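Q: Sharing a structure with you now.
Every number here is computed from the coordinates shown, using simple stated rules; none is lab data. Every value quoted in this text rests on a predicted model; they were computed, and no experiment measured them. Neighbour counts are summed over all protein chains in view; Cβ atoms, including those assigned to glycine, are modelled from backbone coordinates with ideal geometry.
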Amino acid sequence: MTTTTLWKDQIQLPAPTTAVSGKTPVLIAVDPYKGPGRYRWLAGSVPTSDRVRALVFQGDPEQLPPWLPNRWSSLPRLDQIRLAGQLAGGGISAAAIAALLENKDRSEVWRWASLSKASTSLRDAVLEGVLLPGHAKSLLKLPVIEQSEWVQRARRGRWSVRRLATEVMNPGSTSAPESSGDTQKWQKDLSARLNAKVELQWPTDPKGPRSLSVEWFDVESLKGVLEQLSAGPELAVGVRHPLRRVLTISLVDTDELEALTGHLVTES
């Protein structure tokens, strides 16, 4: 981060979100370490005139990445998304951020900037690379509490951008089924994680029966499987299915019955 300090009487401050058309705007921040009336240069051409058009960053400048000699536009995509959210949270408009990042796609930068007001789960999922910016496009116009619920569903189902958009437009829709390749990979990964053979029945026909079968040999291995399954997140509100189903567990003798259920039964 540059330490250049500007005197207040060296610059004329416009509205904080004023962008300079056709040029990279000058971005400055109040410098709390140099006393009142002084500003720190953050980005854009170093002001050489006593009258410059400047953007004033209201947040903590130490949270921003340093001004690189080869410009912020050279930062990795996720870093640019993070930077856009920080600048938006500091009072800078999406149009000005687009100019700072030299990004001509204003709508894309608007989505990045909007993450500053999105749910924490959505923002973190995008910044961690778990969801793509395209996923956020479908969720940013929803209420914050709904964003969190949809993020859970998308992460749990490993939905593509297209699948999430379809589901948001038509909740409960199965018009965008997972491919057989996705099903096979899920089955393989789950088998490795549970250390047990897994069979996932997931037909493309939305009315077809769907099931998950896990092979087990003794009660202890069954308990281990159930423990790992129960450690997952709760199903989000609004997606619970009140469909009656039956869990049947095959048992060999009373020892297995006792090991599995004895601690739950109180003797009279």
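Q: Label points 7 Å out from Cα along the Cβ direction at residue 169 and residue 229: separation in nm?
A: Here the modelled spin labels are 3.5 nm apart.
Q: Under a plain spin-label model, where a point goes 7 Å from the Cα along Cα-to-Cβ, how far apart in nm are residue 221 and residue 38?
A: 7.1 nm
Q: Report the extension gain between residue 252 and residue 201 in nm, rounded to one decimal, defined as 0.36 nm multiplied by the number of residues separating them, less their alpha carbon distance. Spell out each step's value before the answer.
A: Details: separation 51, 0.36 × 51 = 18.36 nm, distance 2.63 nm.
Gain on stretching residue 252 to residue 201: 15.7 nm.
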